[in-house]
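Remarks on the structure that follows.
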Amino acid sequence: MTDIGKFLSDVDKIKKHDRQNNSGKPDYSRIADNLRNLFERASTCPGELPGSLYEYWEKEYVLTSADIAEEPTAENLGKLGAMLAYLNNSNEDQELLTAKDWKEIGVLVGYEAEDLPVDILRDLMSILVSKNAY
C-alpha cells in the first residue's frame with residue numbers, strides 16, 4: 001500500500017468510527033480536526049504548507065458542498081490525497097488536481113517558500129513548473 005493509500009485508509013477509519021459513535025450519521029464538522037491532523041502528520045513537508053493546502057482543499061471542495069454532512073466524498077478525498085502526494089514529492093494521482101488547484105498551490109508555496117528547506121522547495125517548484133502553475 002502506498003503512503004497515499006494508507007492515508008486514505010486511515011481517513012476511512014476516522015469516518016467509520018465517527019459514524020459508529022453517532023447512530024450512523026456522518027458529519028464533517030465532527031471529523032474535520034482529525035482529518036487535518038492526519039493530513040499534516042502524513043506530510044513529509046515541514047512548516048505551515050501542509051496546513052495551508054488542507055485549508056485550501058477544505059474551502060474549495062468541502063465547505064462548498066451541497067451536503068456538507070456527507071463530506072468528504074471519495075472524489076474530494078482523492079484530491080486531498082493528490083495534494084499529500086505532491087507534498088511528499090510523489091506524482092501519485094496528480095491528474096486529479098485541476099489547473100486552478102495547481103495555480104493556488106503555487107501561490108501557497110510562494111507564501112511559505114522562505115520557511116522551506118531549499119531541497120524541498122526545489123522539488124515542489126519543479127512539480128509546479130511542470131504543471132504550468134507559473
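The values are calculated or read from the model by the stated rules, or taken from the named source; none is laboratory data. Given the structure is predicted, the values throughout are model-derived calculations rather than measurements. Neighbour counts run over all protein chains shown; Cβ positions are idealised from the backbone, glycine included. Calculation scope for accessible area: heavy atoms of the full protein, side chains included, ligands and nucleic acids excluded. Shrake-Rupley method; radii C 1.70, N 1.55, O 1.52, S 1.80 Å.
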Exercise. First check a/c for segment 1-69, with a ≥ b ≥ c the square roots of the eigenvalues of its C-alpha gyration tensor; if it is under 1.5, answer rounded, and if not, answer prolate when a/b is larger than b/c or oblate otherwise.
Key: oblate
Quiz item: Solvent-accessible area per residue for segment 58-134 at a 1.4 Å probe radius, Å²?
Solution: 53 Å²
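Of K15/K131; K16/K100; K59/K100, which sit over 23 Å apart, Cα to Cα? Show your work: numbers first, answer last.
Numbers: K15/K131 32 Å; K16/K100 31 Å; K59/K100 14 Å.
Beyond 23 Å between Cα atoms: K15/K131; K16/K100.
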Quiz item: Helix 118-130 versus the longest principal axis of the chain: what is the Cα-based angle in degrees, 0 to 90, to the nearest 10?
Solution: 80 degrees
Quiz item: About its Cα centre, how strong a charge dipole does the chain have in debye, to the nearest 20, once Lys and Arg get +1 and Asp and Glu get -1 at the Cβ?
Solution: 320 debye
Quiz prompt | For mean projected area of the Cα convex hull in nm², calculated from these coordinates, the label among [x] 9.2; [y] 10.7; [z] 7.8 | solution = [z]
Self-check item: Inter-label distance, nm, simple model (7 Å from Cα along the C-beta direction), V129/A69
Solution: 4.9 nm
Self-check item: From phi via Karplus (6.51, -1.76, 1.60), per-residue ³J(HN,Hα) for segment 94-105 in Hz, x at Gly/Pro
Solution: 4, 5, 6, 8, 7, 4, 4, 4, 4, 5, 5, 4
Quiz item: If you take the Cα Rg of segment 82-134 and divide it by 2.2 N^0.38 Å, with N the number of residues, what do you get?
Solution: 1.02
Quiz item: Taking all protein chains as present, what is the carbon and sulfur share of the accessible area of the chain, in % to the nearest whole number, probe 1.4 Å?
Solution: 49 percent
Self-check item: Distance between segment 70-134 and segment 9-33 - C-alpha centres, whole angstrom
Solution: 26 Å
Self-check item: Environment charge at D3 (Cβ cut-off 11 Å; Lys +1, Arg +1, Asp -1, Glu -1)
Solution: -1
